[in-house]
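Only one structure is covered here, and it is reproduced in the block below.
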Amino acid sequence: MKGLLSKAPGGPETLVLDDLPDPVAGAGQVVVAVKACAINYPDVLIIEDKYQIKPARPFAPGGEIAGVVESVGEGVTGWKAGDRVIGMVGNGGLVEKVAVDAGKLYRLPKGRSFAEGSALLLTYATTIHALLDRGRLVEGNNLLVLGAAGGVGLAAIELGKAFGARVVAAVSSEEKAAAAREAGADETIVYGRAPFDKDQSKALAEQFKAAGGKDGFDVIYDPVGGDYAEPALRSIGWEGRYLVVGFPAGIPRLPLNLTLLKSCDVCGVFWGAFAARDPKANAAHVDRLFRLWKDGKIAPRVTETFPFERGGEAIAKMAARGAIGKLVVEVAA
């Protein structure tokens, strides 16, 4: 079989489409013929050895897949050849076939495409954990979403609205603002490109404060980091929750006196570790996501697809922060 492989640390241009041995389903595993693999920011980092997980090379990036069960290993029940599935693999998804622990698979609903299915789990499961477990979001809360036109950003808008929040979406262009409004944002803010000097940072903080109103934001969802973090934190309300999700703009340094003045929480969000430590709670979240998907309250927005041999281009576009919604590599027809 073929895989899009990282053989040495580097950018997307270093990926090579090469041969790999076909996987065999071990005990408790299922071999999936991959049809689609969604691209996420960890794929940018992992091939450069900048992610917290560093697999042995050669390896394929790609953390979430959709495909068809090809074979099942010893002890597996509930799955058979031909079943349509989606699943999280951490990395190794940009291959024609992959062996996956059966417990990490979910049934792809009838009528949903492989591209849609591959784009669901990471962004929405991260976000529902962030908003409900870490952010304690409730109906009527004021929610600010940074990077709101990316995959996790759009998920945060949709889930925020599904849970009854007022959602302000902050983005870097009018095109992205339109995507955020289409996803249900009540208000949008278009910010400039960092780095910011002191005056620019203050001006952005004032934009956020104006959008937050006199009581500020109850929850701030930040998958961006960098120079955007401090201005956003300055707009948080009393006992607000600032959710640290990712750092494509860099790892910020926050003035902790702000947390004292607002009596607010800065909360890390590491969905992968949460899912491993509390699989029952994660499964309950995923079940809820499937219900919301069925009811039309969330819908993965796949805005661009790439053929298998051009999968590196999808990762490059993600690295350049040019993606709106989700980018998906179509591994097979």
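The values are calculated or read from the model by the stated rules, or taken from the named source; none is laboratory data. The structure presented is a predicted model; accordingly, all values stated were derived computationally and were not measured. We place every Cβ from the backbone using ideal geometry, glycine too, and count neighbours over all the protein chains shown. Quick note on the areas: whole protein, heavy atoms, side chains included, nothing else; ligands and nucleic acids left out. Shrake-Rupley method; radii C 1.70, N 1.55, O 1.52, S 1.80 Å.
Values for this structure:
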| quantity | calculated |
| --- | --- |
| Subset of the range 72-98 (residues that are farther than 23 Å from GLY10 by Cβ, surrounded by fewer than 19 Cβ atoms within 10 Å (Cβ to Cβ) and among the small types (Gly, Ala, Ser)) | GLY73, GLY75, GLY78, ALA81, GLY82 |
| Within the range 166-200, considering residues that are basic (Lys, Arg) and farther than 22 Å from ALA323 by Cβ, the one nearest to the chain's Cα centre (by Cα) | ARG166 |
| Of all residues making up the range 287-304, the number that are among the basic types (Lys, Arg) and loosely packed, with under 15 Cβ neighbours inside 10 Å | 2 |
| Long-range neighbours under 7 Å by Cβ, at least six apart or interchain, first residue at pLDDT 95 or above within the range 250-267, second outside any strand (DSSP E or B) and of a type in the set (Val, Ile, Thr) | VAL266/THR259 |
| Filtered residue count, the range 99-121, keeping only those that are over 27 Å from GLU158 (Cα atoms) and open to solvent by less than 50 Å² (accessible area, probe 1.4 Å) | 3 |
| Test result for ARG193, buried (at least 20 other Cβ atoms within 10 Å of the Cβ), on the phi < 0 side of the Ramachandran plot and basic (Lys, Arg) | no |
| Count - residues of the range 255-286 that are in a loop (DSSP other than H, G, I, E, B) and either of a type in the set (Phe, Trp, Tyr) or surrounded by 14 or more Cβ atoms within 10 Å (Cβ to Cβ) (or both) | 4 |
| Sole exception among (1) open to solvent by less than 30 Å² (accessible area, probe 1.4 Å); (2) of a type outside the set (Asp, Glu); (3) in contact with a strand residue (DSSP E or B) (Cβ under 8 Å, 6 or more places away or on another chain) for PHE163, by number | (3) |
| Subset of the range 313-328 (residues that are crowded, with 20+ Cβ neighbours inside 10 Å and farther than 10 Å from ASP43 by Cβ) | ALA323, ILE324, GLY325, LYS326, VAL328 |
| ALA203 under 18 Å from GLY322 (Cα atoms) and not aromatic (Phe, Trp, Tyr) | no |
| LEU122 vs. criteria in a strand (DSSP E or B) and of a type in the set (A, V, I, L, M) | no |
| Residues (hydrophobic (A, V, I, L, M, F, W, C) and open to solvent by 10 Å² or more (accessible area, probe 1.4 Å)) located in the range 122-136 | LEU122, LEU132 |
| ALA333 being closer than 27 Å to LYS50 by Cβ and open to solvent by 60 Å² or more (accessible area, probe 1.4 Å) | no |
| Some residue of the range 142-154 being touching a residue at least 40 places away in the same chain (Cβ under 8 Å), more than 19 Å from the chain's Cα centre (by Cα) and either open to solvent by 10 Å² or more (accessible area, probe 1.4 Å) or more than 30 Å from ALA332 (Cα to Cα) (or both) | yes |
| Scope the range 232-253; condition part of a strand (DSSP E or B), over 19 Å from PHE163 (Cα atoms) and within 25 Å of the chain's Cα centre (by Cα); matching residues | ILE236, VAL244 |
| Number of positions in the range 308-332 that are outside any helix (DSSP H, G or I) and under 19 Å from ILE86 (Cα atoms) | 8 |
